[in-house]
1. Any residue in region B:196-212 that's within 14 Å of another protein chain (Cβ to nearest Cβ) and open to solvent by 50 Å² or more (accessible area, probe 1.4 Å): show its pairings with residues that are aliphatic (A, V, I, L, M) and in a loop (DSSP other than H, G, I, E, B) at Cβ separation under 7 Å, as long as the two are six or more apart or on different chains.
2. Of all residues being at pLDDT 90 or above and assigned to a loop (DSSP other than H, G, I, E, B) in region B:175-184, which is nearest to the chain's Cα centre (by Cα)? Just the residue, please.
3. Looking only at region B:99-120, how many residues end up being over 17 Å from B:His133 (Cβ atoms) and not in a strand (DSSP E or B)?
4. Could you please find all residues in region A:171-181 being within 8 Å of another protein chain (Cβ to nearest Cβ) and surrounded by fewer than 20 Cβ atoms within 10 Å (Cβ to Cβ)?
5. Considering only region A:79-116, how many residues are outside any helix (DSSP H, G or I) and within 11 Å of chain B (Cβ to nearest Cβ)?
6. Name the one entry in A:Tyr170, A:Tyr133 that is in a loop (DSSP other than H, G, I, E, B), touching a residue at least 60 places away in the same chain (Cβ under 8 Å) and of a type in the set (Phe, Trp, Tyr).
7. Taking into account only those residues within region A:182-196 that are open to solvent by 10 Å² or more (accessible area, probe 1.4 Å) and without any contact (Cβ under 8 Å) to a residue 24 or more places away in the chain, which is nearest to the other protein chains (Cβ to nearest Cβ)?
8. Can you name every residue in region B:151-182 that is within 14 Å of another protein chain (Cβ to nearest Cβ) and among the small types (Gly, Ala, Ser)?
Amino acid sequence: MVHRAWFPLRLLSALTLIGTVVALFNASHNIAHAQISLIGQSGFPSMIRVAIRENNMSGEPDPRGRIIYVSTVNFDQYCRDVIPNEWFPSWHPASLESGAIAVKMFAWYHHLHPVTVGGFTFDVDNTVNFQTYKAFSDQDATDRAYYRTRPLAFVQPSGEIFELNYRAGYENSPNWQYRNSQKMSQWGTQFLASQGRDFLQILQFYYVGRSLVQIPGVGKG
Amino acid sequence: MRLVRLQGKRLALPLCTAFALFSLSLVTTSSALAASGNSAPDTNQSVPKPTPAPRHDPPRGSSGYDPVVPGQKYGDLRVKVIDGRTLKPLPDAEVVVLETEQRFRTGKDGLTPWIKAPVLRSARFRFLVNELHGQLNLISYKNGYRDSVHMGVRMNEGATTRTTIWQYKIEPGLDRRVEPVLFIEPYHRLWLIQLADRFRRPTQLGEGYEHP
């Protein structure tokens with residue numbers, strides 16, 4: 001008798017538990033959808049929050065070092081101060097242009113997906129954890145590449161902004177192993193550019209199935 | 001047998017004395033030669049001694065020294081000097097390019113004129129992994145400011161390079177020991193990756209070869 005009396009209660013609690021799990025799943029599913037940012041819906045960033053990490057003993061920013069402060073930097077200036085530290089200013093213009101788009105899209109994606117570490121909320125840090133950033137390090141050749149490609153974005157066919165990641169790769173090679181690994185080979189961009197490919201062909205070589213689109217309301221200036 | 005031994009002893013003493021005298025004479029001869037400035041005896045007295053080439057110290061800086069060497073690769077460099085605390089441009093600072101001993105003054109915007117600067121790569125790594133960029137060293141001086149030594153400015157052939165030097169104002173009371181400030185521009189990360197991969201052993205992979 002006692003067991004029969006408790007049965008509806010147990011059934012009720014079990015149903016409640018299942019309902020909670022389903023609700024949580026739906027909520028997380030909705031959050032995942034909410035994090036997708038489409039080109040044109042999210043405006044072009046004007047600023048970016050850069051976490052400055054402490055230096056190691058030789059005076060270079062330590063990727064695992066303590067965050068000292070978060071600097072709010074003009075987005076264009078940030079990209080300009082990253083490109084010469086990631087690409088070589090003496091490289092082919094098409095290589096620099098593909099690099100400029102990768103640096104910009106990487107920064108844009110992380111601007112839309114900030115993180116909080118050690119009480120600091122930021123978009124990127126100044127080390128190779130994200131992209132190597134050094135204030136006042138922009139160069140003429142890389143600045144030109146950045147402003148030539150500033151109105152352009154390389155996105156998913158749906159218009160979704162995604163992270164254009166990259167790695168060094170190897171010299172004098174197209175670096176086939178990087179193709180469609182969601183990472184572009186930096187040395188590969190220089191190789192392909194020297195073979196006569198333009199920046200769009202280089203991007204399409206590494207990020208298969210993506211689209212180049214115009215960013216609404218963004219000019220070259 | 002005894003006679004032979006005695007004769008041997010009698011012979012050994014004068015032989016040792018003669019050898020000692022001979023070796024002494026050699027020592028005195030070589031030391032005398034060294035003192036006279038010749039390492040070997042002069043066998044041909046008729047040949048005149050080679051006179052050392054007159055040594056001319058290279059002319060320096062503003063004294064007509066031309067830093068442009070034929071065959072040397074060059075890039076264009078422009079230096080900006082700013083106040084390290086206010087980040088405002090510093091006019092009238094003197095920037096010296098150490099490798100060429102050239103001196104330049106900054107204008108109101110803190111900029112030097114465009115400098116034709118050599119692209120010098122370190123010979124240390126030439127046969128290992130060729131350096132991807134040259135390096136230059138600069139010093140900036142300005143009255144009332146700490147000297148700033150800026151090392152390792154990355155130079156590329158035929159390309160323009162801009163660099164910024166921070167100078168810090170000397171504040172009496174706060175600055176008790178005034179010495180130059182050093183900035184070292186690091187090697188480019190792409191070159192460091194190549195260098196590490198160059199010496200990596202398959203049995204000691206470390207972080208492993210560069211991969212996607």
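1. That search, which allows pairs on different chains as well, returns B:Arg198/B:Leu128; B:Arg198/B:Val129.
2. B:Pro180
3. Going through region B:99-120 one residue at a time, the tally reaches 10.
4. Those that are within 8 Å of another protein chain (Cβ to nearest Cβ) and surrounded by fewer than 20 Cβ atoms within 10 Å (Cβ to Cβ): A:Glu171, A:Gln177, A:Ser181.
5. The number of residues fulfilling the criteria is 5.
6. Going through A:Tyr170, A:Tyr133 in turn, just one is in a loop (DSSP other than H, G, I, E, B), touching a residue at least 60 places away in the same chain (Cβ under 8 Å) and of a type in the set (Phe, Trp, Tyr): A:Tyr133.
7. A:Lys183
8. B:Gly152, B:Gly158, B:Ala159
The values are calculated or read from the model by the stated rules, or taken from the named source; none is laboratory data. Bear in mind that the values here come from a model prediction, so they are computed numbers and not experimental data. Methodologically, a virtual Cβ is constructed for each residue, glycine included, from the backbone with ideal geometry; neighbour enumeration extends over all protein chains shown. Note: areas computed on protein heavy atoms with side chains; ligands, DNA, RNA excluded. Shrake-Rupley method; radii C 1.70, N 1.55, O 1.52, S 1.80 Å.
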